[in-house]
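Here, each number is a calculation from the coordinates, and none is a lab measurement. All of these numbers come straight from a predicted model, not from anything done at the bench. As a convention, Cβ positions derive from the backbone with ideal geometry for all residues, glycine included, and neighbour counts pool all protein chains shown.
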Amino acid sequence: MVRGRGARAAPEEEFEGDRDDDDDPYEPEPLDDEEPVDEDEESSVFLPDADPEEPDIAVTSRAGDAPSAGMLLVVALPALAMQVDEPIPAGAVDAAAALMGYGDVLDPVEEPAPSDPALSGPEVTGSQGGPVTYGELADWCRDQTPASHRDEERPRVLCSPGSRLEMLAHAVAAWRAGGSLVLLGEDVDSRRFAPIGEAERVTVRC
């Protein structure tokens, strides 16, 4: 037996007596009011937000006009920007600078079940009348886009959305079809749409 300074060996009689051999003397006793865990239950459940008006995470490029959220990520729009140039609110994360600390590695993520809720809100209704599930998200997003380009393969979409929901629908629909999205901010003059579309080789306008 190896003892360090100040260490005390527990007397053998403390662990002897009438007990099963499988009992672990170091395992804490369960609390009386602790609910048993059913390992067969679903690992993820839908819990409505305590404050539906405040998102858990918000991403913005406008640090001075940032929304209220549980976590605020401020991004820089210029290509290859290493930090956000303007001051960011207290508690917010400079996502451009934070990204520099991570390698190009995709960590494994837990795949949601098809029945798990993916999208909810006053303007969203799934097939069962509640949230849109992951199983129906792609089709739901496709149905929100103009019918004229729903079946286009590998679209290059130029999008100046009127809402976050519209942006999400066009993005998911384009990615599902193997395409990509050129997203324009609301401050981009509409007269620049045509030259931007030509330079980006877009095939679809939304």
- Just name the residue that is farthest from the chain's Cα centre (by Cα) out of those in region 184-204 that are closer than 25 Å to residue 124 by Cβ and surrounded by 15 or more Cβ atoms within 10 Å (Cβ to Cβ). 204
- Query: Taking region 170-193, which residues are part of a helix (DSSP H, G or I), within 21 Å of residue 140 (Cα to Cα) and small (Gly, Ala, Ser)?
  - Reply: 171, 173, 174
- Residues in region 124-146 that are of a type in the set (Gly, Ala, Ser) and either assigned to a helix (DSSP H, G or I) or touching a Gly at 6+ places or on another chain (Cβ under 8 Å) (or both): how many? 2
- Note on the structure: If we ask which residues in region 146-173 are surrounded by 11 or more Cβ atoms within 10 Å (Cβ to Cβ), under 19 Å from the mean Cα position of the chain (by Cα) and farther than 19 Å from residue 77 by Cβ, their number turns out to be 5
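Got a number for residues in region 147-169 being part of a loop (DSSP other than H, G, I, E, B) and closer than 20 Å to residue 122 by Cβ? I'd like the intermediate steps shown before the answer.
At the first step, the residues of region 147-169 found to be part of a loop (DSSP other than H, G, I, E, B) are 150-155, 160-163.
Of the ones still in play, those that are also closer than 20 Å to residue 122 by Cβ are 161-163.
Total meeting the criteria: 3.
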- Query: Of all residues in region 89-130 being farther than 27 Å from residue 74 by Cβ and of a type in the set (Gly, Ala, Ser), which is surrounded by the most Cβ atoms within 10 Å (Cβ to Cβ)?
  - Reply: 126
- So is residue 101 among the small types (Gly, Ala, Ser) and within 24 Å of residue 206 (Cβ to Cβ) or not? no
